[in-house]
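Below is one structure, written out as structure tokens; comments come after it.
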Protein chains: 2
Amino acid sequence: MARPREFEESAAVESAMHAFWERGYEATSTQDLCEATGLGRSSVYNTFTSKRALFRRTLAHYSARGLAGRRAVLEGPGTAAERIAAMFAGLVDEELTHDRRGCLVVNTLAELGVPEDEVGEALRRDAEQQLALLGECAREGVLDGSLRDGRDPAAVAEFLLSTISGLRVMSRRGASGEAMHAVADLALAAITA
Amino acid sequence: MARPREFEESAAVESAMHAFWERGYEATSTQDLCEATGLGRSSVYNTFTSKRALFRRTLAHYSARGLAGRRAVLEGPGTAAERIAAMFAGLVDEELTHDRRGCLVVNTLAELGVPEDEVGEALRRDAEQQLALLGECAREGVLDGSLRDGRDPAAVAEFLLSTISGLRVMSRRGASGEAMHAVADLALAAITA
DNA sequence: CGAGTTTTGAACTGACCGATACATAACACT
DNA sequence: AGTGTTATGTATCGGTCAGTTCAAAACTCG
């Protein structure tokens, strides 16, 4: 009933995500977003309303993808401790192969804090879901005997998420893969039986 | 032999530091810096050359002060484990009483990465010095028996710095004091005897 | 009291910011 | 073919960005 889009919305979100990821929110201009997505200004604003709304979309996209990937590892085979170790190994590998961009959520938290808008809500929801996922894995770890008994699963989840954030920052400052692996090993030592 | 300054350079750096700390590098305008310091544009540029140069000065100031404070705790009385615990407690307390601003260095790493200029060098030097300080404390901990034997002090230092960064990000996302204390306790469990 | 030197305030620079206006283009449906 | 609707490209909006210019001001020293 009207002129059709010349692009796919999801592909544009993906491209915008990489732009924000590389430069941060403030340093990414709408011009950068046009070039990254290949869209004209009109199309960007017609489709996504504003720079901030597009950023919120990219955050949601990043968060959903990241959670799915992490869930695939943490709900995979092996003991809980093995799955957590695999998660850390995957994180380190990703940082080494993807130019130490860190985590978009962590970078955004550090740059903007938790703003009182939909961006802040997306950040909060991401943490919530990460904690739920990690907490469930911790609970399973107590049952399968791979994690130390008597540990509060919620506290373990917070510890793991904190370690993940720490590793992301570490990668950002250019630490070596060995150093990051050593940190992951020590973190595991704190919670394994 | 000329007109004297109407302000103290160190006080201006201190004020600028708080401005950058609250808003991040990109989001802080030169106008913000004028208002924060109380200086006019001419004075700012006459004294500090550029926004980036002033930022580098604030980073150096922040880093030096932070290291001095941390050194005071880590070279204080008690076992190494006790001193590390005190460091964590101080960090959590600072975050709770100072509005969860996080750490200027961590926030900058997340926002800018390690740029190829004096800002990047300042960030690298800060990490270096933090690791040296934490590593020395870890070494002492093996000797006084409060830290587990057989741990590489350098790895322990990386783990502690990573945990510190993790806690800073955690605070930034609004986590409770109890949650942060729980994370610190688990981190200690990984390295204490 | 000048001469020399630096600081300061106000006005200004060109570039870029996020966002919009609007005419034209490209389609679906009748 | 004609009409309604949405997408797109171009030009542009007022505002703000980091940084500069320059004359007046405030000092030290002779």
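The values are calculated or read from the model by the stated rules, or taken from the named source; none is laboratory data. Remember, it's a predicted structure, so these values are computed and weren't measured experimentally. Glycine also receives a Cβ, built like all others from the backbone with ideal geometry; neighbour counts cover every protein chain displayed.
Summary of values
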quantity	calculated
Enumeration of residues in the range A:143-193 that are surrounded by fewer than 20 Cβ atoms within 10 Å (Cβ to Cβ), within 23 Å of the chain's Cα centre (by Cα) and either at the interface with another protein chain (Cβ under 9 Å from one of its Cβ atoms) or not polar (S, T, N, Q) (or both)	A:P153, A:A154, A:A155, A:G174, A:G177, A:E178, A:H181, A:D185, A:L188
Residue ranges of helices (runs of 4 or more DSSP H) in the range A:1-97 with at least 2 members away from DNA strand D (no atom under 16 Å from the Cβ)	A:9-23, A:51-74, A:80-97
Which listed residue is more than 14 Å from chain B (Cβ to nearest Cβ), among the acidic types (D, E), near DNA strand C (Cβ under 10 Å from one of its atoms) and over 14 Å from the mean Cα position of the chain (by Cα), from A:E6, A:E26, A:E75	A:E6
Test: residue in the range A:143-159 that is closer than 23 Å to A:V92 by Cα, touching a Lys or Arg at 6+ places or on another chain (Cβ under 8 Å) and in contact (Cβ under 8 Å) with a residue 60 or more places away in the chain	no
Residues of the range A:36-70 satisfying the condition of being aliphatic (A, V, I, L, M) and under 24 Å from the mean Cα position of the chain (by Cα)	A:A36, A:A53, A:L54, A:L59, A:A60, A:A64, A:L67, A:A68
Subset of the range B:63-115 [surrounded by fewer than 18 Cβ atoms within 10 Å (Cβ to Cβ) and basic (K, R)]	B:R65, B:R71, B:R100, B:R101
Residue pairs meeting the criteria (Cβ under 8 Å; at least 6 apart or on separate chains; first touching a residue at least 60 places away in the same chain (Cβ under 8 Å), in the range B:27-52; second among the hydrophobic types (A, V, I, L, M, F, W, C) and more than 7 Å from DNA strand D (Cβ to nearest atom))	B:R52/B:V119
Qualifying residue in the range A:40-57 (condition: closer than 20 Å to B:G113 by Cα, surrounded by fewer than 16 Cβ atoms within 10 Å (Cβ to Cβ) and hydroxyl-bearing (S, T, Y))	no
Lone unmet requirement of (1) over 18 Å from A:E8 (Cα atoms); (2) part of a helix (DSSP H, G or I); (3) more than 16 Å from DNA strand C (Cβ to nearest atom) for A:T108	(3)
Condition check for A:A138: among the hydrophobic types (A, V, I, L, M, F, W, C) and outside any helix (DSSP H, G or I)	no
Verdict on A:E140 being within 11 Å of another protein chain (Cβ to nearest Cβ), among the acidic types (D, E) and in contact (Cβ under 8 Å) with a residue 24 or more places away in the chain	no
Condition check for B:V13: within 12 Å of DNA strand C (Cβ to nearest atom), at pLDDT 95 or above and buried (at least 17 other Cβ atoms within 10 Å of the Cβ)	no
Residue list for the range A:152-193, restricted to those being at pLDDT 95 or above and not in a helix (DSSP H, G or I)	A:D152, A:R173, A:G174, A:A175, A:S176, A:T192
Candidate set from the range B:116-128 (those that are buried (at least 18 other Cβ atoms within 10 Å of the Cβ) and more than 11 Å from chain A (Cβ to nearest Cβ)); member that is nearest to A:G24 (Cα to Cα)	B:V119
Criterion: farther than 22 Å from B:A16 by Cα and aliphatic (A, V, I, L, M) - qualifying residue of B:A64, B:A68, B:A85, B:A110	B:A85
